[in-house]
Amino acid sequence: MDKILVTTDFSSNSKAGLRFAIQLASQNKFELTFFHSYYIANLTSMSDSAFADCERKEADKIQKKLNQFVESVYRDMDVVSKKKDCVINSAVFADSNIREYAQENKFNFICISTRGLGKLKKIFGTNTSSLITHSTVPVIAVPHNYRRSEIKNILYASDLVNLENELIKVVEFTKPLKAKVEILHFNYPTEIKTNKNVINELVKKNSKHNIKLHVEKINLAESLISNIEAVIKQSKPAMIIMFTQQNRSFFDKIFFSSNSVNYSFKAKIPLLVFNKI
């Protein structure tokens, strides 16, 4: 059974990630673990033993708060709370705490709510961009205003490079949901003409998984993200899947952040990001 680590900071915005994870679990047998990263600093002259006792009491309060927070989301969605775990873990940095916990405990996905921020803050200061940029575990970024809806149609934005291997991951995720998949590719004027026979043969091979190909001419007057958003407006998918290149230089990550990171801060629908190999 696939496992999803669902993060929350107890804010109302973070409820979106919980709602989406709960919706996923209603369509497939995902095992959900709700996770809160916290840190309590000893800013007083308290002895080590006294501080340890204080920290245990605070941890108990945080654990109780997490349990209640999760239950409140289930109640608001009118969904019966099934088997789940609520975990708190202490670390100075929340993003690395989430990544390490997910990797060590072999989670299949990390689910986190996101909200648009300024460029420097989104590069240096948000957990979502850090997870997408560094996590070896695929990340689901959910817009803060997400409302529950059945996942029937999924858009997979692809450069068609390594399509066959990427499709394996896409199908593994979408097949249990019984969702249709639309592969979206943009043709650039300078691009070598796509070998449509090879691509169509691959799509035909996966036709039993409700997959179709959508090739669109890129509008160079707009950004790639704007082009994707225009297709989303027409197709109205429940979510979008992208693959991101993580092994780029630090300079590239600052000034040319990946399309998946950029999109996560403008997204109106949930985004699932895999690491592009």
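The numbers here are math on the coordinates, done by the rules we state, and not lab data. Quick caveat, the model's predicted, so the values are computed rather than measured. Neighbour counts are summed over all protein chains in view; Cβ atoms, including those assigned to glycine, are modelled from backbone coordinates with ideal geometry.
Results, tabulated for the structure shown:
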read-out: Relative packing of 128-136, 96-104, which averages over residues the other C-beta atoms within 10 Å, highest first; value: 128-136, 96-104
read-out: Hz values of 3J(HN,Hα) by residue in the range 11-20 - Karplus curve (6.51, -1.76, 1.60), Gly and Pro given as x; value: 7, 5, 4, 6, 5, 4, x, 5, 4, 5
read-out: Listed peptides 137-145, 169-177 by packing density, highest first (mean Cβ within 10 Å); value: 137-145, 169-177
read-out: For K178, residues with placed amide H under 5 Å, excluding near neighbours; value: none
read-out: Residues E58, E182, sorted so that the one with the fewest Cβ neighbours within 10 Å comes first; value: E58, E182
read-out: Integer Hz, Karplus 6.51/-1.76/1.60 couplings in order for the range 35-46, x for Gly and Pro; value: 10, 10, 9, 9, 8, 10, 8, 8, 9, 10, 8, 4
read-out: Neighbour cut-off at most 16 other Cβ (10 Å), DSSP loop, chymotrypsin sites (Phe, Trp or Tyr not before Pro), the range 3-85; value: F10, Y39
read-out: Nonlocal amide H pairs with I88, under 5 Å, H built at 1.01 Å; value: H36
read-out: Separation of alpha-carbon centers, the range 68-104 and the range 124-191, rounded to whole Å; value: 22
read-out: Under 5 Å, built H, 5+ apart or other chain: amide partners of A157; value: L184, I241
read-out: Spin-label zone in the range 23-44 - amide nitrogen under 17 Å from a point set 7 Å from the Cα of K65 along the C-beta vector; value: 34-43
read-out: Subset of K84/K180; K83/K175; K15/K212; K64/K106; K57/K82 violating a 30 Å alpha-carbon distance limit; value: K15/K212
